[in-house]
Amino acid sequence: MSGRPRSRVGWAPSRCPPHDTSPCPPHPVRRTLSAAPCPPASPTHPRIGLMQPSRPRTTTAARSLARGVVVALLAASGLLAAGTGPAAAADGEVSWTVSTASNDFGSDRPDYRYTLDPGGRLDDGLVVANNGTTPLHLDVYAADAFTTGQGLLDLRGKDAKQAGVDAKQNGVGAWVRTDRPDVTIPPGKTAEVPFTVALPDDAAPGEYMGGIVTSPADAGAAGDQRLGIRIRLRVGGELNPSLSVENLQVRYSGTSNPLGAGDATVTYTIRNTGNSILAARQTVSVAGPFGHWEARAGHIDDSPQLLPGDTWKVSVPVKGVTPALRLTGTVTLVPLLTDAAGSIAPLAAVESTAGVWTLPWAPLLVLLVVCGLVVAALAARRRRRAALPHGPARSTTPLTQE
């Protein structure tokens, strides 16, 4: 997958670091620029939902520099907001926060986690706080999640297709319904938006990820800024965790030294073919015939957690590969399943291979030299035989009897 420019949802705080194999997907680490408090919300605040304590008023130049640093950090993290802290409109003004409602499911939850059987139903709520000085009108809706090319969790759009992503909701986005599609909150006030999770009788068993999302009703005025909280849903039934390796290719780049080893590049796609959320531990090697002259790749990071049906493209360099005429690349995946308690269980490994023909320069040169010597020897022998003097000619007249 390649990164595509699109808006991304700002998630509620999570306990998981980026690319971790914990139950929730990666998210950017919260950063502050200084320990000093920041002023109340104003157009000079940095864009995109950072949680920062208030600080004394600083000079315009200092605020501009700080804003540039924060935007750079956020661009590097790959998300447009970071949690239940303030979200930012297009002009940089801090406007609202979201959090889970306090009820029988608990209080101050980092996200929503449910286990339901097909046909099951439950009710919960989302709390939205307006931190601004003007009334806030927000759309509230649920959406399915997917993994981006950078290994981050994003949500499908509400109405239109994102770049290369189908906006059709099939799981959480189809089964979660808010009591109202939008909410208007006076400045300095909060509102609770109830929602219902209702599974159809034929809901397929497995794990689903999505979110409950808020975004400005007038997106043209505030940009496509979204702030939401994850929903992780487990539908009762048998889990079938499974990964596959697809589009495995081995490319050998050779070396200028005819007696030396070259480099290879192994590319492949990991696909989650099961019904549970999985990460993958990866090892890659390249070897010659019968497993001889094996070269192993260095450390490879675990893949991000992949939702059922998601894919992750990988390219791995392998150094010190001997050009042994026929090379075989081997990819081994160990699926990593994370349970509700956060424990990680490695599953049975999956292996896939692919081959490529190479020109072994050293043996080829030796063969050419040997062939050249043989040809030269035969030519010299011919010349020597041709240079020998001829003996007297034999008579070919037949004998006659007198």
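Tell me, yes or no, whether region 314-326 has at least one residue that is closer than 17 Å to residue 243 by Cβ and either in a strand (DSSP E or B) or in contact with a Lys or Arg (Cβ under 6 Å, 6 or more places away or on another chain) (or both).
Within region 314-326, the first condition is being closer than 17 Å to residue 243 by Cβ, and the residues that meet it are 314, 316.
Then drop every residue that is not either in a strand (DSSP E or B) or in contact with a Lys or Arg (Cβ under 6 Å, 6 or more places away or on another chain) (or both), which leaves 314, 316.
Checking region 314-326: at least one residue is closer than 17 Å to residue 243 by Cβ and either in a strand (DSSP E or B) or in contact with a Lys or Arg (Cβ under 6 Å, 6 or more places away or on another chain) (or both).
Scan region 327-334 and give yes if some residue there is farther than 28 Å from residue 359 by Cα and modelled with pLDDT of 95 or more, otherwise no. Let's see the steps before the verdict.
Kept after step one, since they are farther than 28 Å from residue 359 by Cα, are these residues of region 327-334: 333-334.
Going one step further and asking which of them are modelled with pLDDT of 95 or more, we end up with 333-334.
Looking through region 327-334, at least one residue is farther than 28 Å from residue 359 by Cα and modelled with pLDDT of 95 or more.
List the pairs whose first member sits in region 168-195 and is over 15 Å from residue 141 (Cβ atoms) and in the same structural domain as residue 228 (by TED's automatic domain parsing), whose second member is among the polar types (S, T, N, Q) and buried (at least 17 other Cβ atoms within 10 Å of the Cβ), and whose Cβ atoms are under 6 Å apart, counting only residues at least 6 apart or on separate chains?
These pairs meet every condition: 185/130; 187/130; 189/130.
Across region 341-369, what is the total count of residues that are of a type in the set (S, T, N, Q) and modelled with pLDDT under 75?
Residues of region 341-369 of a type in the set (S, T, N, Q): 343, 352-353, 358.
With modelled with pLDDT under 75 added as a condition, the list becomes none.
Here the count works out to 0.
Within region 136-151, is even one residue farther than 19 Å from residue 277 by Cβ and surrounded by fewer than 17 Cβ atoms within 10 Å (Cβ to Cβ)?
At the first step, the residues of region 136-151 found to be farther than 19 Å from residue 277 by Cβ are 136-141.
Then drop every residue that is not surrounded by fewer than 17 Cβ atoms within 10 Å (Cβ to Cβ), which leaves 137.
The answer is yes; a qualifying residue exists.
Each row is one residue, and each column tells you yes or no for (1) at pLDDT 95 or above; (2) under 14 Å from residue 228 (Cα atoms).
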site: 122; (1), (2): yes, no
site: 129; (1), (2): yes, yes
site: 136; (1), (2): no, no
site: 145; (1), (2): no, yes
site: 152; (1), (2): no, no
site: 155; (1), (2): no, yes
site: 171; (1), (2): no, no
site: 175; (1), (2): yes, no
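Counting just the residues of region 327-344 that are touching a Lys or Arg at 6+ places or on another chain (Cβ under 8 Å) and surrounded by fewer than 19 Cβ atoms within 10 Å (Cβ to Cβ), which one comes out farthest from residue 146 (Cα to Cα)?
334
Are there any pairs with C-beta distances below 6 angstrom linking a residue in region 284-295 that is within 21 Å of residue 349 (Cβ to Cβ) and in the same structural domain as residue 270 (by TED's automatic domain parsing) to a residue that is of a type in the set (Gly, Ala, Ser) and outside any loop (DSSP other than H, G, I, E, B), with the two at least 6 apart or on different chains, and if so which?
286/264; 286/295; 286/329; 294/285; 294/287; 295/320
Which ones in region 188-210 are in contact with a Ser or Thr (Cβ under 6 Å, 6 or more places away or on another chain) and farther than 19 Å from residue 337 by Cα?
193, 195
Checking the condition buried (at least 19 other Cβ atoms within 10 Å of the Cβ) and of a type outside the set (Val, Ile, Thr), which residue from 259, 248, 306 passes?
Details: 259 fails: buried (at least 19 other Cβ atoms within 10 Å of the Cβ); 248 fails: buried (at least 19 other Cβ atoms within 10 Å of the Cβ).
Among 259, 248, 306, only 306 is buried (at least 19 other Cβ atoms within 10 Å of the Cβ) and of a type outside the set (Val, Ile, Thr).
Are there any strands (runs of 3 or more DSSP E) wholly within region 183-287 with 1 or more residues that are closer than 22 Å to residue 302 by Cα, and if so which?
Numbers: elements: 190-198, 206-216, 226-235, 243-254, 262-272, 278-287.
Of the strands (runs of 3 or more DSSP E) lying wholly inside region 183-287, those with at least 1 residues that are closer than 22 Å to residue 302 by Cα span 206-216, 226-235, 243-254, 262-272, 278-287.
Quick one: count up the residues across region 313-326 that are surrounded by 18 or more Cβ atoms within 10 Å (Cβ to Cβ) and at pLDDT 95 or above.
3
Just the residues that are exposed (fewer than 14 other Cβ atoms within 10 Å of the Cβ), at pLDDT 95 or above and more than 25 Å from residue 115 (Cα to Cα), please, taken from region 189-230.
Across region 189-230, the qualifying residue is only 189.
The values are calculated or read from the model by the stated rules, or taken from the named source; none is laboratory data. Everything quoted here is computed from the prediction, not taken from an experiment. Note: ideal-geometry Cβ built from the backbone for every residue, glycine included; neighbour counts use all protein chains shown.
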